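Engineer: Please find one structure pasted underneath; my questions will follow.
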Amino acid sequence: MPEMWVDVLMIVAAVVFAGAAGMAGLGVGNVVQPFLIEVKEESGGGAAGAGQVVVRKLGVMNRRFMWPGYEDKMRRSLIKAGEPKVYKPEDIMALQEIGFVVGLIFGLILCNAVDFNLALSLVVALIGLFYPLIWVNDQVAKRHLAISRALPFNLDLLTLSVEAGLDFTAALAKVVDKGKGGPLREELALVLKQLKMGKTREEALKTMIARVDLPALSQFVTALIQADKMGTSLGKVLRIQSTQLRIERTQRAEKLANEAPVKMLFPLIACIFPTVFMVLFGPIVFAFMYGNVGA
């Protein structure tokens, strides 16, 4: 769902682009015309593609107004999210600006249609303003979930490779080659690339911790770094971490299973029970109230 609304913002940006093109045709295009030509060439004619290019151009304009705190925080979030659509912090700011304008327009139309106070349109505008941030956080959560699910399998494969006699780099190459595709495999491939370029194991692994920022992965990598420093057998450490990870995964599954009845309580009370009562007791109530009408 969040992905769909970001695409909607892209299409809205394309509509803005089309409106600018119309103004250019009316004679306002001496300044806008070169920009429109560039957008048309880069987008390939697609509405979403044109909207994405407009967002990037607007992001370039935002560079001079963006404060360092926002840029650093958003850059870290985008890195944790795997840099979706190769967005930069200024592009997210552009999406926020588009979302605010679209939300304000939609809120004004809605409040005018239902005869509400027009000041409520600011609430809709604020929702549009913060929605790109929600989308980024959603991408981070999805990537963390994918890494958490892939971690036990890849860790087992890494453990078996080390116990079979391979060194860490060769075992990591085996995991990258045979492991399941996904964000974890991409991160491990990047670590392997850094190792081949001359970085130490500790530097490459700490860089991965900073990029992903997932507690389960950080715990595993920290144990590897400590084992490397203390000279402990790597295979033994990997086996312990693999066992611990599977125990935690089982406990997490049990916790979610125990939470399911509580989560189902509200739908049962609000939706299912009233329907059952209407089916069972509706005819009785109807007969009690209108039973003597025929007589």
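None of the figures in this text is laboratory data; all of them are computed from the coordinates on show. Keep in mind the model is a prediction, meaning the values are calculated, not measured. Here the Cβ is made from the backbone with ideal geometry for all residues, glycine too, and neighbour counts use every protein chain on show.
Engineer: Run through region 62-104 and list the chymotrypsin sites (Phe, Trp or Tyr not before Pro) located in a DSSP loop whose Cβ has at most 14 other Cβ atoms within 10 Å. Mind showing how you got there, number by number?
Structural biologist: Numbers: sites: F65, Y70, Y87, F100; in loops: F65, Y87.
Those that pass, being in a loop and sparsely packed, are F65.
Engineer: Assign one of three labels to region 234-295, namely rounded, prolate or oblate, based on the Cα gyration tensor with a ≥ b ≥ c the square roots of its eigenvalues; rounded applies when a/c is under 1.5, prolate when it is not and a/b is larger than b/c, and oblate otherwise.
Structural biologist: prolate
Engineer: Taking the simple approach of a point 7 Å from Cα along Cα-to-Cβ for both D228 and R75, what is their distance in nm?
Structural biologist: 2.5
Engineer: Is region 144-241 best put as rounded, prolate or oblate by its Cα gyration tensor, with a ≥ b ≥ c the root eigenvalues, rounded for a/c under 1.5, and otherwise prolate when a/b is larger than b/c, oblate when not? Don't skip to the end; give the middle numbers.
Structural biologist: On the way: a/c = 1.21, a/b = 1.14, b/c = 1.06.
Rounded.
Engineer: In region 41-197, if the dipole is taken from +1 on Lys/Arg beta carbons and -1 on Asp/Glu beta carbons about the Cα centre, which of V102, T169, V140 is farthest to the positive end?
Structural biologist: T169
Engineer: Assigning unit charges at the beta carbon (Lys, Arg +1; Asp, Glu -1) and nothing else, what dipole magnitude in debye, to the nearest 20, does region 171-217 show about its Cα centre?
Structural biologist: Working: 10 positive and 6 negative charges, 40 e Å.
Value, rounded to 20: 200 debye.
Engineer: Taking the Cα-to-Cβ direction at K236 and at C271 and moving 7 Å from each Cα, how far apart do the two end points lie in nm?
Structural biologist: Reported label-point gap for K236 and C271 is 5.4 nm.
Engineer: Moving on to the next point. Do you know the Lys pair count in region 188-295 for C-alpha distances under 19 Å, with sequence separation 8 or more or different chains?
Structural biologist: Number of lysine pairs found: 5.
Engineer: Just to confirm the filter: which trypsin sites (Lys or Arg not before Pro) across region 139-228 are DSSP coil and have at most 14 other Cβ within 10 angstrom of their Cβ?
Structural biologist: Qualifying residues, ordered by number: K180.
Engineer: Go through region 181-187 residue by residue and turn each phi into a ³J(HN,Hα) via Karplus (6.51, -1.76, 1.60, θ = phi - 60°); whole Hz please, and just put x for glycine and proline.
Structural biologist: x, x, x, 5, 5, 5, 5
Engineer: Ok, one more. Quick one: 3J(HN,Hα) in Hz for region 150-160, Karplus 6.51/-1.76/1.60 with θ = phi - 60°, rounded, Gly and Pro as x.
Structural biologist: 7, 5, x, 5, 5, 5, 4, 5, 5, 5, 5
Engineer: Please report, in debye to the nearest 20, how large the charge dipole of region 85-188 is about its Cα centre when each Lys and Arg carries +1 at its beta carbon and each Asp and Glu carries -1 there. Could the numbers behind the result be given before it?
Structural biologist: Working: 9 positive and 11 negative charges, 50 e Å.
With only Lys, Arg, Asp and Glu charged at Cβ, the dipole is about 240 debye.
Engineer: Once you have a ≥ b ≥ c as the square roots of the Cα gyration tensor eigenvalues for region 181-235, tell me rounded if a/c is under 1.5, and otherwise prolate or oblate according to whether a/b is larger than b/c. The partial results should precede the final answer.
Structural biologist: On the way: a/c = 1.82, a/b = 1.24, b/c = 1.46.
It is oblate, given that a/c is not under 1.5 and a/b is not larger than b/c.
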